[in-house]
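The values are calculated or read from the model by the stated rules, or taken from the named source; none is laboratory data. Predicted model, so just to flag it, every value in this text is computed and none were measured. Here Cβ is always computed from backbone atoms with ideal geometry, including for glycine, and neighbour counts include all displayed protein chains.
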Ligand SMILES: [Zn+2]
């Protein structure tokens, strides 16, 4: 992975992706190739201290492989650091919200670091090395347990004065919709994320369905399961409205999908057809594509923004 936009890299870049269920670390060596990668479970229910210990375990393994040489460190997480309080806000790992995540991690890991929204990290990595490398304005979406967005313009993350740019997952598309962890109703995330689809299916099937995760619901729909099909009708209706709203405002050069749901091929057929119903234009030419960097885009982006 090489890109001419970057200054020559003088040390190893370490990135950590702190997800709701998994934590991943990578080391990008001097030729910008991944030289080390490891994952572990977040086990968020065990609380912040346990999460910090899990992060530290991966970080220690990473610095051991580079012989404790100089490196930069970046951390991607859902949510963002409040400019007002310095505390993490809006993470779906809710036990970390209200904590000074950056300074706590710097103490724990004994290294300076940057904390960045995980969808911003994903969008940056794909804009630099992946599906967005030939585009100026990239909107990256992580559709995993939750749903987050990030905006990259000319290979730089757009953060905004409130560190809020791209937080499209918590735009309400139905004031009477399902309750979101953020306290509001009908957020995009309550429909077009893994957890959202699972809840819709549970309601549609009156909890009789056996589907345990979102991918299984897509498979059941293909087999003709009527509850799965009606759940996906709601899913695609919401998908179309949510992306059309986004395109009407930002009109990005490309939209890149990541996260577990992005591997579902029907998103790029039925999903795009649904967007056409709601976009404020007589055609839809925005490329809406799958990520190119696989599951590790977010953690690569975290490595790119470290200090
Ligand atoms: Zn929300």
inquiry  = Checking the conditions here, which among 202, 214 is buried (at least 19 other Cβ atoms within 10 Å of the Cβ), at pLDDT below 95 and either more than 23 Å from residue 287 (Cα to Cα) or within 14 Å of the ligand (Cβ to nearest atom) (or both)?
reply    = 214
key: Extreme residue, surrounded by the fewest Cβ atoms within 10 Å (Cβ to Cβ), among residues of the stretch 151-179 that are within 12 Å of the ligand (Cβ to nearest atom) and closer than 30 Å to residue 303 by Cα   = 171
query = In the stretch 129-143, what residues are over 22 Å from residue 188 (Cα atoms) and crowded, with 24+ Cβ neighbours inside 10 Å?
reply = 130, 132
query = Does the stretch 245-254 include one or more residues that are within 16 Å of the ligand (Cβ to nearest atom), in contact (Cβ under 8 Å) with a residue 24 or more places away in the chain and surrounded by 17 or more Cβ atoms within 10 Å (Cβ to Cβ)?
reply = yes
ask   = Is it the case that residue 215 is in contact (Cβ under 8 Å) with a residue 60 or more places away in the chain and within 23 Å of residue 180 (Cα to Cα)?
value = no
query = Looking at 182, 147, which one is within 14 Å of the ligand (Cβ to nearest atom) and over 17 Å from residue 242 (Cα atoms)?
reply = 182
inquiry  = For the stretch 13-39, give me each residue that is free of Cβ contacts under 8 Å to residues at least 60 places away in the same chain and more than 16 Å from residue 121 (Cβ to Cβ).
reply    = 29, 30, 31, 33, 35, 36, 38
remark   = Taking first residues from the stretch 181-198 that are at pLDDT 95 or above and second residues anywhere that are assigned to a loop (DSSP other than H, G, I, E, B) and near the ligand (Cβ under 7 Å from one of its atoms), the pairs with Cβ under 8 Å that are 6 or more apart or on different chains are 186/180; 187/180; 189/180; 190/180
